[in-house]
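Please read the structure below before turning to the comments.
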Amino acid sequence: MRSKISEENPLGILGIDHLEFTCSSLETPTKELFYKFGFQKTAQNKELNTELFTQGQVRFLLIDSKDENSQAYKYVRDHGEGVSKISFLVEDCEHAIKTAVERGGEMVQNLKVEESEHGVYKTAMIKGFGDVLNEFVERPRTFFRPGYEALENDESAQPLSARVARIDHLTNNVPKGEMRKWVDFYKQVYGFKVTRYFDIKGVKTGLQSEVVQLPLGEVIIPINEPEEENGKSQIQGFLDLHNGSGVQHIALTCGDILTTVKELRERGIKFLDIPHTYYEDIPKREFTVEEEISELEDRQLLVDGDEEGYLIQNFTETYVGPLFFEFIQRKKHNGFGEGNFQALFDAIERDQVKRGYLE
Ligand SMILES: [Fe+2]
């Protein structure tokens with residue numbers, strides 16, 4: 001295999017191995033949510049009270065936070081439920097931690113090597129943004145981690161007929177004035193490049209955002225900061241509820257979003273509702289969609305794009321603390337739906353005018 005370690009990817013990151021969701025207990029509604037999303041429980045560690053949920057290449061590790069000496073306990077105490085660790089799959093863990101520290105990363109755990117009947121398992125950790133840890137993992141592809149029991153059949157599983165494939169991106173919210181610092185962190189420590197910048201001004205939802213990523217999109221992280229510290233903006237609302245920086249949303253890639261979102265809605269997952277006026281404007285925007293607009297409206301999906309291509313997306317309500325999920329299908333377009341802020345804003349306003357709420 002050709003090495004992934006290069007100037008563009010100095011740590012040799014292959015992708016996101018898994019995300020840790022810290023919850024108050026394993027019987028949290030989050031578990032039910034993962035089932036409704038079509039995940040299946042594929043491994044567990046009864047001693048640590050953790051359960052692994054898998055779908056396609058997406059792995060969410062649900063962690064109970066009762067152990068007072070654990071990072072999970074501290075995370076829930078200080079922030080409530082949310083993503084407490086991002087675990088990156090790396091080619092060579094020893095190289096990754098050594099290079100990360102040389103490049104300015106703050107070590108939390110030096111290289112740890114564990115042997116198991118499945119092979120050698122290596123981890124190391126540095127501090128990430130806020131209280132979110134960044135882990136490097138080098139492991140056999142077929143085995144999650146030592147101490148975990150693999151589960152074959154999960155009777156509670158409700159697979160989707162069009163499943164999600166991978167994590168498209170992972171958006172972080174940070175306080176006003178900190179975006180630059182964390183963009184620099186990902187650039188310096190990880191060698192990520194900035195690929196997009198946007199400054200969105202709504203009436204209530206001003207935000208600035210920069211996207212950092214690896215060249216092939218193995219990891220994509222948009223970082224948002226609110227426009228005003230004390231305003232009632234969407235980003236500030238998250239920071240107040242979460243008591244500081246955190247993962248705001250996780251976008252999951254779909255191969256057939258029309259089917260996936262229809263099924264999720266049937267299962268009771270709540271998505272953003274979009275006024276009819278939004279769909280009236282689609283033909284006037286700068287991209288053309290293959291789907292029937294009536295079908296997009298029927299599924300209540302958003303679209304955004306440019307001359308090259310477009311994406312289809314929608315966002316759920318907040319489900320784990322202030323964290324929400326995005327479902328996204330890309331059709332030759334690498335944006336994040338920036339155009340929808342303005343489009344939705346205009347559509348809602350015209351809808352209000354129609355209903356006599358605004359003049
Ligand atoms: Fe997103």
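The values are calculated or read from the model by the stated rules, or taken from the named source; none is laboratory data. Source: prediction; values computed, not measured. Using ideal geometry, Cβ is built from the backbone for each residue, glycine included, and neighbour counts are taken over all protein chains shown. Heads up: the accessible areas ignore ligands, DNA and RNA and are worked out on the full protein's heavy atoms, side chains in. Shrake-Rupley method; radii C 1.70, N 1.55, O 1.52, S 1.80 Å.
If you take the Cα centroid of the range 300-359 and the Cα centroid of the range 151-181, the two points sit 18 Å apart.
Under the convention that each Lys and Arg Cβ holds +1 and each Asp and Glu Cβ holds -1, the size of the dipole of the chain around its Cα centre is about 400 debye. Starting from the Cα of Lys46, draw a straight line to each of the lysines and keep only those under 17 Å, dropping any in the same chain fewer than 8 residues away. Excluding near neighbours in sequence, the set is Lys31, Lys66. Arg145 contributes an accessible area of around 40 Å² to the protein surface, as traced by a 1.4 Å probe with all chains present.
Taking the Cα centre of the range 1-132 as origin, sum charge times position over the Cβ atoms of Lys and Arg (+1) and Asp and Glu (-1), and report the length of that vector in debye to the nearest 20. Mind dumping the intermediate values first?
On the way: 16 positive and 22 negative charges, 46 e Å.
The dipole magnitude comes to about 220 debye.
Among the GluC sites (Glu not before Pro) in the range 111-146, those placed in a DSSP loop whose Cβ has at most 13 other Cβ atoms within 10 Å are Glu117.
What's the carbon and sulfur percent of the chain's accessible surface, probe 1.4 angstrom, rounded to a whole number?
Values: 7880 of 16750 Å².
With neighbouring chains kept in place, the figure for the chain is 47 percent.
Under the combined filter of DSSP loop state and at most 15 neighbouring Cβ atoms within 10 Å, the range 1-56 retains these trypsin sites (Lys or Arg not before Pro): Arg2, Lys46.
In loop segments of the range 111-203 as defined by DSSP, the chymotrypsin sites (Phe, Trp or Tyr not before Pro) with at most 16 further C-beta atoms inside 10 Å of their C-beta are Phe143. Accessible area per residue was computed with a 1.4 Å probe on protein heavy atoms; Arg103 scores about 90 Å². Can you give the accessible area of Asp306 in Å² (nearest 10), computed on protein heavy atoms with a 1.4 Å probe? Result for Asp306: roughly 40 Å² accessible. If Rh is defined by the Kirkwood formula over all Cα pairs and Rg also comes from Cα, what ratio Rg/Rh do you get for the chain? Computed over Cα atoms, the ratio is 0.96. Largest GNM mean-square fluctuation across Pro322, Pro283, Pro29, computed for the chain with C-alpha springs under 10 Å, falls on Pro283.
Each Lys and Arg adds +1 at its Cβ and each Asp and Glu adds -1 at its Cβ; summed about the Cα centre, the range 132-209 shows a dipole of about 640 debye.
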